[in-house]
Amino acid sequence: MPGRIVAANSAQVDVVSGATYTSKGIIEAVENALAQGMKAAAEPAPALDVADGTYTGVGTGFDGAIKVEVTVSGGKITAVNVLSHSDTPGISDPAVKDMPGRIVAANSAQVDVVSGATYTSKGIIEAVENAVSQAVEVAASPKFDIRVTDGTYRSAGNGFGGNVVVEVTVSDGTITDIKVVEHTETPDRGGKAIPELIPAMIEAQGPVDAYSGATRTSEALFAAVATAVSGEEGR
C-alpha cells in the first residue's frame, strides 16, 4: 500500500487483495495525515502573547511527574526539552523524542499524542501547558517604566506606619538592586514583607503580588521603586 500511494501521489488507490481492512486502514491513516498537513498550511500557528524566556513546567505521566523546559522567543515556542521523567524506558521513548518537535512545529501543546505512549505524551502536553501558563502570567504583569540612566536613585512610598524609603540601582536599563534604607512598618508584617518582596520585584522588573497581611507596605514599596526609576525624584 505505501508504494501504491506514493506512485499515485494519492491515497485513492486499489486495496490489496486479501487484506482489504488493513489496506483501508492505511488509506484512512494517510488521508488523516494529509488533512492535518493541509490544516497546518492553511492556518499558520498564531504568535503566543507571552514574554520571551525559558520556563519549566510539570505534568503527570504514567509513573509520575514529567518535568519540561520550554523556550519562548518572539511569540513562538522554539524549544521543548524533557528534563526528567519516571515513565518506563522503551515505551516512553517515542513520546520523549517526538512530542517536543510536534509542539514546536504547532507552536502549541495541543498536538496528537504518540501512538503507544499516550500517558507520557499527555504528561508532556500538560507540562508544556503549565510552563506556558507561567509565561503568560509574566507577560501580563506590568513592568516598571525605567526612564533614568544607570545609577542609584532614592524615593519613598507611604506605608502603614509611615514612609518606606528605598534606593534603587539601575544598570543597563535594568533594576539590579533595591534597598530599603528607612521604614517604620510593623516587624511582624511589613518587616517580614520587605525582604520577601525585593528579590521578587527584581526578578519581575515590576510589581508582584502583595505580601499577605502587608498590603500597605507592599504598595508603598511598589510606588517608591516606580517613582525612583521614573526620574521624578532626585538622584
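The values are calculated or read from the model by the stated rules, or taken from the named source; none is laboratory data. Nothing here was measured: the structure is a model prediction, and the numbers come from that model. As a convention, Cβ positions derive from the backbone with ideal geometry for all residues, glycine included, and neighbour counts pool all protein chains shown. What goes into the accessible areas is simple: the full protein's heavy atoms, side chains included, and nothing from ligands, DNA or RNA. Shrake-Rupley method; radii C 1.70, N 1.55, O 1.52, S 1.80 Å.
Taking all protein chains as present, what is the carbon and sulfur share of the accessible area of the chain, in % to the nearest whole number, probe 1.4 Å? Carbon and sulfur together cover 52 percent of it.
Between THR54, VAL16, SER218, the Cα set farthest toward the positive side of the dipole of the chain (charges on each charged residue's Cβ, about the Cα centre) is that of VAL16.
Only one item in (1) -0.21, -0.51, -0.60; (2) -0.35, -0.71, -0.79; (3) -0.42, -0.75, -0.82 matches log10 I(q)/I(0) by the Debye sum over Cα atoms at q = 0.07, 0.11, 0.12 Å⁻¹ derived from the coordinates shown, and that item is (3). Shown here are the Rg and Dmax of the Cα trace of the range 163-235, at 11.6, 36 Å. Kindly identify the range 96-185 as rounded, prolate or oblate by the Cα gyration tensor criterion: order the square roots of the eigenvalues as a ≥ b ≥ c, call it rounded if a/c is under 1.5, otherwise compare a/b with b/c, prolate if a/b is larger, else oblate. It is prolate, given that a/c is not under 1.5 and a/b is the larger ratio.
Would you mind putting 121-132, 78-89 in packing order, based on average other-beta-carbon counts within 10 Å, highest first? Kindly include the intermediate steps, with their values, before the conclusion.
Numbers: 121-132: 23.7, 78-89: 15.3.
So the peptides 121-132, 78-89, ranked by packing, come out 121-132, 78-89.
Ignoring ligands, DNA and RNA, what accessible area per residue does the range 100-235 give at 1.4 Å, in Å²? Walk me through the numbers before you get to the answer.
Working: 7020 Å² over 136 residues.
Counting only protein heavy atoms, the per-residue value for the range 100-235 is 52 Å².
Take the Cβ atoms of ASP93 and ALA65, set R0 to 22 Å, and the FRET efficiency comes out at 0.80.
Where nothing but the Cβ of Lys and Arg (+1) and of Asp and Glu (-1) is charged, how large is the charge dipole of the chain around its Cα centre, in debye to the nearest 20?
On the way: 16 positive and 29 negative charges, 74 e Å.
Taking the Cα centre of the chain as origin, the dipole is about 360 debye.
The peptide list 147-156, 66-75, 192-201, put in order of mean Cβ contacts within 10 Å with the highest first, becomes 66-75, 192-201, 147-156. Placing pseudo-labels 7 Å out from each Cα toward the beta carbon at LEU34 and ASP188 gives an inter-label distance of 7.4 nm.
In this simple spin-label model, placing a label point 7 Å from the Cα along the Cα-to-Cβ direction at both ASP14 and THR174 gives a separation of 6.8 nm. Of the residues THR120, ASN107, ASN32, the one whose Cα sits farthest towards the positive end of the charge dipole of the range 16-134 is ASN32 (charges of +1 on Lys and Arg Cβ, -1 on Asp and Glu Cβ, taken about the Cα centre).
Which entries of LYS76/LYS192; LYS143/LYS179; LYS97/LYS143; LYS76/LYS122 show an alpha-carbon separation above 29 angstrom in the structure shown? Result: LYS76/LYS192; LYS97/LYS143 exceed 29 Å.
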